[in-house]
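Before any comments, here is the structure.
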Amino acid sequence: MRTLLFVVAIVLALLVFIPVGAVAQHEVRVPPFSGTNFLNDFIAGDTLVNGQRRDPDAVYVLSCGGVYLSQAIIRNIGYTLTIKANDTIPGVSKPVVFLYENPTTGNPPGQLVEMRGDLIVKNLIISGYFEPLPEKLTHLQGGIFDMGTPGNSLTLDSCILTNTNGNHVRTSQPPRVVKITNCIFGNMGYLGRSNLGAGKAIDVRGGSVDSLIVLNNTFVNWQDRIIRHYSSTANIQYLRFEHNTCVNGMSYHGFLSLGKVGNRAIITNNVLVDAFALGQDTDAVRQAEFTESTEKDPFGFSRMTWVISAPNDTTRWTVSNNYYRVTPAGQAFYDSASILPIIANPPLVAGSPLTHHISGKLGADSATAFLTHTADMPNVPKLMTEMMKWYRRPAAPPDSGANKTKNTGAFKAAFDYDRRGYEYYRDDLDCAYSTSSPIYTGATGGYPAGDLNWFPARYAAWRSDPISGVATDGRLPSVFALGQNYPNPFNPSTKIAYSLPRTSTVTLEVFDVLGRRVAILVNNELKQAGDYTISFDGSRLATGMYIYKMSAAGQSVSKKMMLVK
């Protein structure tokens, strides 16, 4: 009886340490468009005249199968804006949001959202123009998301983003965290409204980035770059570009143009198909934005590589289990350059994935960082061969090409890439290569390389595997936090959760009541922003009270837990 009373007393005492739950979010149902109810007006209607939010915890829920129009930029000034689908329903489309022409300008808004607070978007389809009227493509604007004030975070999950002339995601101001998971990015760039230096997936040139996490996404049809951090003045402190499938990219100024990088850079388990399709060339206009590596080609121009960064002696690089393919159409373009009016000299080739600097950091592992593959994908758009040939042809008639410049005045729709509508990306795109391909087990842990969403069963296994690391859903933490272990009391194992608002070096230790350290669960490890859970096994310890302590970013916090055997 005395032991039971002791345990009850301990449990009651431990209640003091259990944090109070966060304020519940309030779902606000947004009706589909029916003639006058624009999405931007609906969200603006929740903002009072004094600028305060009517309901700061509102979560805007769009109906599956619904169509929504937005004709003005949404600005979430000082609050977290969450927009998501009401559910994922088999056989029913995710909500579709079109950027729709503004009656004053005659053009769609420049973005759907200009972030002036954190933004969370889940399970939506967003197109940069009103696709039911194809002629509206000629009014295409610059982007879908931009960041208007510094220090905010963007979370995109399970979305389809398509059709911008500039960049689907841009941070004109320094973000805290940009986290993009389980998305499809299609149709980046349109020469009818911009030039070949546009057409990017993610443009984070606006300064520092605490964490840039790009995980389990598919990118199709880009003109310029997947990531641009070129010419930025501060570091991407933590980069994780992992398990992405990338198909059909000119990569005009590079593939991953990382600029300044900080503590950690991870590029692993990706699949590339014609991802540097314009090839390694002697082309001063293209090479003007390959400068940050400071490396030169044999002709004294900036050396073209797929991944470019400003060299430093501190970044820890992991680049492994990446696979690329040049398709027959891609090789035919390289070969045809020898007979086009502008002859490639030396001949066009796919080029080098890495700078000499990054290769040097990897050492012998650089030789296997990117390997070739031959896997076919069942349904992807055709390679943008006609556009690339047009770029190389002389400007004078009858060629009327771009003459290897960014001058797009002679561009015609016939030279556009294989631009498909959102329904194609939703219903028909298929990048699930054969399970007999070596790359099906070629990623870390024996998982398929590339976007795991194309292999649902393997994706489910990966999500439950500790190899996947940080959780990929939900809000990013706003503060450092150490959760109460659960269960508590425990025998013999328990779980401990902790949260990091920014990339930090973390130590998590366990002590007995005399202050003696009995376990190190995380030993001075660099961790990206996010929520973590780790298991603690106390089977070798005696019954009693223990203290676990997390140290990160100059802060420390401790909590008590009770082991009862």
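Please go through the range 62-85 and pick out each residue that is closer than 13 Å to ALA44 by Cβ and part of a strand (DSSP E or B).
Those that are closer than 13 Å to ALA44 by Cβ and part of a strand (DSSP E or B): SER70, ILE74, ARG75, ASN76, ILE77, LEU81.
How many of the residues in the range 39-77 are loosely packed, with under 14 Cβ neighbours inside 10 Å and at positive phi?
Total meeting the criteria: 1.
Can you pull out every residue in the range 521-550 that is under 23 Å from the mean Cα position of the chain (by Cα) and not small (Gly, Ala, Ser)?
Of everything in the range 521-550, those that are under 23 Å from the mean Cα position of the chain (by Cα) and not small (Gly, Ala, Ser) turn out to be GLU525, LEU526, LYS527, GLN528, ASP531, TYR532, THR533.
I'm checking my understanding of the structure. Among residues of the range 172-184 that are in a loop (DSSP other than H, G, I, E, B) and within 14 Å of the chain's Cα centre (by Cα), which one is modelled with the lowest pLDDT?
ARG176
Go over the candidates PRO394, PRO398 one by one and state the one that is more than 27 Å from the chain's Cα centre (by Cα), modelled with pLDDT under 95 and exposed (fewer than 14 other Cβ atoms within 10 Å of the Cβ). Show your work before the answer.
Values: PRO394 fails: exposed (fewer than 14 other Cβ atoms within 10 Å of the Cβ).
Being more than 27 Å from the chain's Cα centre (by Cα), modelled with pLDDT under 95 and exposed (fewer than 14 other Cβ atoms within 10 Å of the Cβ) holds for just one of PRO394, PRO398, which is PRO398.
Which strands (runs of 3 or more DSSP E) does the range 222-333 wholly contain that include 2 or more residues that are out of contact with any helix residue (DSSP H, G or I) (no Cβ under 8 Å at 6 or more places or on another chain), buried (at least 20 other Cβ atoms within 10 Å of the Cβ) and among the hydrophobic types (A, V, I, L, M, F, W, C)?
In the range 222-333, 236-242, 245-249, 256-259, 261-268, 271-273 are the strands (runs of 3 or more DSSP E) which contain 2 or more residues that are out of contact with any helix residue (DSSP H, G or I) (no Cβ under 8 Å at 6 or more places or on another chain), buried (at least 20 other Cβ atoms within 10 Å of the Cβ) and among the hydrophobic types (A, V, I, L, M, F, W, C).
Check off (1) surrounded by 24 or more Cβ atoms within 10 Å (Cβ to Cβ); (2) closer than 25 Å to GLY35 by Cβ; (3) of a type in the set (A, V, I, L, M) for LEU137 and give me the number that stays unchecked.
(1)
Could you pull out every one of the strands (runs of 3 or more DSSP E) wholly within the range 490-565 that has 2 or more residues that are of a type in the set (D, E, K, R) and under 29 Å from ALA265 (Cβ atoms)? Before the answer, list the steps.
On the way: elements: 493-500, 504-512, 517-527, 530-537, 544-552, 555-563.
Output list reads 517-527.
Of everything in the range 342-383, what is of a type in the set (A, V, I, L, M, F, W, C), buried (at least 19 other Cβ atoms within 10 Å of the Cβ) and under 24 Å from THR218 (Cα atoms)? Give them in sequence order.
Of the range 342-383, the ones of a type in the set (A, V, I, L, M, F, W, C) are 342-344, 348-350, 354, 358, 362, 364, 367, 369-371, 375, 377, 380, 383.
Narrowing the set further to residues that are buried (at least 19 other Cβ atoms within 10 Å of the Cβ) leaves 344, 348, 350, 354, 358, 369-370, 375, 377, 380, 383.
Selection gives ALA350, LEU354, ALA369, PHE370, ALA375, MET377, VAL380, LEU383.
For the range 117-126, state whether one or more residues are over 30 Å from ASP210 (Cα atoms), at pLDDT 95 or above, touching a Pro at 6+ places or on another chain (Cβ under 8 Å) and part of a strand (DSSP E or B).
No - not one qualifying residue is present in the range 117-126.
Given (1) touching an Asp or Glu at 6+ places or on another chain (Cβ under 6 Å); (2) basic (Lys, Arg); (3) modelled with pLDDT under 70, where does ARG54 come up short, assuming only one miss?
(3)
Go through the residues of the range 132-153 one by one and say whether even a single one is touching a Cys at 6+ places or on another chain (Cβ under 8 Å), outside the structural domain of ALA529 (by TED's automatic domain parsing) and more than 21 Å from TYR417 (Cβ to Cβ).
no
Sort out which residues of the range 371-413 are outside any loop (DSSP other than H, G, I, E, B), within 21 Å of TRP454 (Cα to Cα) and of a type outside the set (A, V, I, L, M), and write them in order of number.
Of everything in the range 371-413, those that are outside any loop (DSSP other than H, G, I, E, B), within 21 Å of TRP454 (Cα to Cα) and of a type outside the set (A, V, I, L, M) turn out to be THR372, ASN379.
Among the residues of the range 283-331, write down those that are more than 24 Å from VAL273 (Cβ to Cβ), without any contact (Cβ under 8 Å) to a residue 60 or more places away in the chain and among the β-branched types (Val, Ile, Thr).
THR291, THR294, THR314, THR315
Any residue at all in the range 236-248 that's in contact with a Pro (Cβ under 8 Å, 6 or more places away or on another chain) and acidic (Asp, Glu)?
No; the residues of the range 236-248 include none that is in contact with a Pro (Cβ under 8 Å, 6 or more places away or on another chain) and acidic (Asp, Glu).
Among the residues of the range 438-480, which ones are part of a loop (DSSP other than H, G, I, E, B), at pLDDT 95 or above and among the hydroxyl-bearing types (Ser, Thr, Tyr)?
TYR447
Working carefully through the options THR155, THR88, THR149, THR104, find the one that is assigned to a loop (DSSP other than H, G, I, E, B) and closer than 24 Å to HIS243 by Cα.
Working: THR155 fails: assigned to a loop (DSSP other than H, G, I, E, B); THR149 fails: closer than 24 Å to HIS243 by Cα; THR104 fails: closer than 24 Å to HIS243 by Cα.
Among THR155, THR88, THR149, THR104, only THR88 is assigned to a loop (DSSP other than H, G, I, E, B) and closer than 24 Å to HIS243 by Cα.
Just to be sure I understand, how many residues within the range 295-314 are at pLDDT 95 or above and touching a strand residue (DSSP E or B) at 6+ places or on another chain (Cβ under 8 Å)?
Final tally of qualifying residues: 12.
Just to be sure, is ASN187 at pLDDT 95 or above and outside any loop (DSSP other than H, G, I, E, B)?
yes
The values are calculated or read from the model by the stated rules, or taken from the named source; none is laboratory data. Keep in mind that this is a model prediction, so the values were computed, not measured. Note: ideal-geometry Cβ built from the backbone for every residue, glycine included; neighbour counts use all protein chains shown.
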